[in-house]
Each structure stands twice: as structure tokens, then as C-alpha cells.
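Asker: Let me give you the structure first, and then I'll get to my questions.
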Ligand SMILES: Cc1cc2nc3c(=O)[nH]c(=O)nc-3n(C[C@H](O)[C@H](O)[C@H](O)COP(=O)(O)OP(=O)(O)OC[C@H]3O[C@@H](n4cnc5c(N)ncnc54)[C@H](O)[C@@H]3O)c2cc1C
């Protein structure tokens, strides 16, 4: 049986930032669904995050890590154990700085949007591919997030992380670590920050204009007025998931409050108080329909966590 979360442990965890019992995860995910985290802990910095990991490891309680919650489907019955929030809505706002060799260090909790703006102010470009991708840098690294314009691996040189026992470590990034929406790292690694190499911009006004154009384009093509987690499925080799879903006749298909977007069929949108169960049932329905129709397997890009 699992160890209980004692009041003594809660006190020690709360001292690292804040600790919220039975915190609804619908408040911390862009899908706006998900039951309560048994205890959500928001550390106030990297040292405090390491202390949380160490305390939770010693207490032998399951640990779940979340960033901005923009690629997560949390079950309706919530997340048992401790949920460590490295999102931007916690006490740790995150900082960025130029290193002596011209690279950039940024905390994992920095939102991508803030990172892009800061880089532009520093006269750096190359983070354009992040424009319009929600969430924080830590989640972006774990997912090797990106678009056809680039992915995190293209600009990453070093990852700072905490191992599952709470020890702080540093890892030099190699290209082979990165895969399509996945980064190979030590199991249980909690990313606290990273070093990025970005080129100096020869024309910062054009760089800013390019980012505005990307945001406009995404705004026109993505159903941003509804809660979602972006693209639900990875693109199978040689295919576009949205096209397969569209051709399977699933545009606008609905289960409960969850719907296949009419604007972008690889988005599932929460149109009317969806439950995580609605979203998951719709994901399964889409996957099964596409498989029956085209004999092509769709694999979720969205990560599911907690109890459904
Ligand atoms: C409207 C919309 C558009 C999107 N467009 C894109 C797109 O164009 N390209 C793309 O790649 N993605 C896209 N996404 C998906 C999502 O924004 C990205 O995957 C994003 O990088 C996730 O970051 P996050 O901080 O929200 O991570 P979360 O969703 O919180 O977590 C994602 C995973 O990372 C882990 N994790 C998070 N932070 C840490 C950490 N510090 N240490 C260890 N593990 C951690 C979590 O456990 C989870 O497994 C989109 C989402 C939305 C809602």
C-alpha cells in the first residue's frame, strides 16, 4: 500500500513555496478538465524544487510533474500523490540571463512567449518556432515541442535537472536524445532550467514581424477560442493526422462536451464543460475510426496522467 501524505510532510513541502490540497487540475491545464491533485506543490525556485523531489522520494509517494499543462489530459479522478508544478502560475516566476559565452540560460518555468520576447530584446532570434506554443520551457524540452520551422533540440545545448532522489545534475544535449515530440532523459528527471544557443539577429525588426505573422497565421488556423491541448495526435509517417481525421468524416464529431474541431481536425476542443472522460472517449473513437478506415495507427501527442 502507498504511504500516506502526513501533515508533517505537507508542512515541509509548503515551506518550499506553497502546497494546495485537492487542487482542481482543471485550473492548471489548457483543456480546462481534470480532477483534483491530492497535493499540488509549487516550489519557489530550483533549490526548493530539489527539496520537494528529495522529500517525496524519501516518503515513497508517487510524484507527477506538470509545466504549463498545455499538453496534458488529467483524469477526472485526479492525480494521487504529490504533483509538482513547474508552471508559470506558481511562486517561481523564472529568470533568464546571458552567459559569458553568449548562450542564454532560462529557468524551466519561463513561458515560451516570455522567452521569445526576452530573446528579441537581447537581439537574438531563432526561437520563432515557439511562437504560439503555450506552456513553459521545461514542458517544451520534455516534448521537444516545435513546428515545421524547428524544434527545441535545434537551440538546446544543456539541460539542468533534478534526478529522482533530489540531486541537481547537468546534461550536455546531444542531437540523438531528441525524437518527434519526445526527449530522452533519465527516468524521473525534473527539468529546472536549460541553456540555449541562439543566433544574433541581423534585423530584429524583421524577426519581430516574422513572429507576429506566425501568430496571426496560427490564430487563423487553430481554434484558440476553445480550451484544448493543441494537436491531439502525432502525424504518422507520410500522413497528416488532421487530414486522416477529416477524411474519416469526424469533423465536428462530439462526445459529451468534447468535439473534434471544425477548424483544425487534429484539435479536440472543450466546447461545453467536457470531462476528461469525454475527451479520452473521443480520442479513442477517433483513433479507432481512422484505424478501421485507413489501417493507420494514430498515436496521441497529448500526455494522459492521473486516474480516469
Ligand atoms: C493551442 C495549443 C497549441 C499548441 N501548439 C503546439 C505546437 O505547435 N507544437 C508543439 O510541439 N506543441 C504544441 N502544443 C502542445 C504544448 O503546448 C507543448 O507540448 C508544450 O511544450 C507543453 O509545455 P507545458 O509546459 O504546457 O508542459 P505540460 O503540458 O505541463 O507537460 C508536458 C509533459 O512534460 C512534463 N513536464 C513539464 N514540465 C516539466 C519539467 N520541468 N520537468 C520534467 N517534466 C516536465 C509533464 O510531466 C508532461 O509529461 C499546443 C498546445 C495548445 C493548447
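Read-outs: derived from the displayed coordinates by stated rules, not from any lab. Remember, it's a predicted structure, so these values are computed and weren't measured experimentally. Here the Cβ positions follow ideal geometry from the backbone for every residue, glycine too, while neighbour counts run over all protein chains shown.
Asker: Under 1.5 on a/c is rounded, so check that first for the range 1-123, then, if it is not, pick prolate when a/b is larger than b/c and oblate when it is not; a ≥ b ≥ c are the square roots of the alpha carbon gyration tensor eigenvalues. Walk me through the numbers before you get to the answer.
Answerer: Details: a/c = 2.84, a/b = 1.60, b/c = 1.78.
Oblate, since a/c reaches 1.5 and b/c is not below a/b.
Asker: Using Stokes-Einstein with the Kirkwood hydrodynamic radius over Cα pairs, what translational diffusion coefficient do you get for the range 96-220 at 37 °C and a viscosity of 0.692 mPa s, in µm²/s rounded to a whole number? Display every interim value, and only then the final one.
Answerer: Numbers: Rh = 14.8 Å.
This corresponds to a translational diffusion coefficient of 222 µm²/s.
Asker: Could you work out the Kirkwood radius for the chain, taking every pair of different alpha carbons, averaging 1/r and inverting it, reported in Å? Mind dumping the intermediate values first?
Answerer: Values: mean 1/r = 0.0495 Å⁻¹.
With all distinct Cα pairs of the chain included, I get 20.2 Å.
Asker: log₁₀ I(q)/I(0) of the range 164-265 at q = 0.11, 0.21, 0.23 Å⁻¹, via Debye over equal Cα point scatterers, no solvent, to two decimals?
Answerer: -0.64, -1.11, -1.17
Asker: If the viscosity is 0.692 mPa s and the temperature 37 °C, what translational diffusion coefficient in µm²/s does Stokes-Einstein give for the range 224-305 when Rh comes from Kirkwood over Cα pairs? Don't jump to the answer; show the numbers that get you there.
Answerer: Details: Rh = 12.4 Å.
Diffusion coefficient, whole number: 266 µm²/s.
Asker: By average Cβ neighbour count within 10 Å, what is the ranking of 254-265, 69-80, 156-167 from highest down? Please report the intermediate quantities before stating the final value.
Answerer: Values: 254-265: 20.1, 69-80: 22.5, 156-167: 18.1.
Going by the mean number of other Cβ atoms within 10 Å, highest first, we get 69-80, 254-265, 156-167.
Asker: Hey, another quick one. So for the pair residue 284, residue 165, with labels modelled 7 Å out along Cα→Cβ, what separation do we get in nm?
Answerer: Output for this residue pair reads 4.0 nm.
Asker: What value, in deg cm²/dmol to 500, does the helix sum -39500 (n - 2.57) over DSSP H runs of n ≥ 4 give at 222 nm once divided by the residues of the chain?
Answerer: Working: 7 runs with 83 residues, N = 308.
Dividing the helical sum by the residues of the chain leaves -8500 deg cm²/dmol.
Asker: Using a basic spin-label model with each label point 7 Å from the Cα along Cα→Cβ, how many nm lie between residue 220 and residue 3?
Answerer: Here the modelled spin labels are 5.6 nm apart.
Asker: Here's another thing I want to ask about it. Arrange the following residues from fewest to most other Cβ atoms within 10 Å of their Cβ: 101, 217. Write down the numbers at each step before the final one.
Answerer: Values: 101 8, 217 12.
Going from sparsest to densest Cβ surroundings: 101, 217.
Asker: Can you give me the C-alpha center-to-center distance between the range 191-252 and the range 84-105, rounded to a whole angstrom?
Answerer: 23 Å
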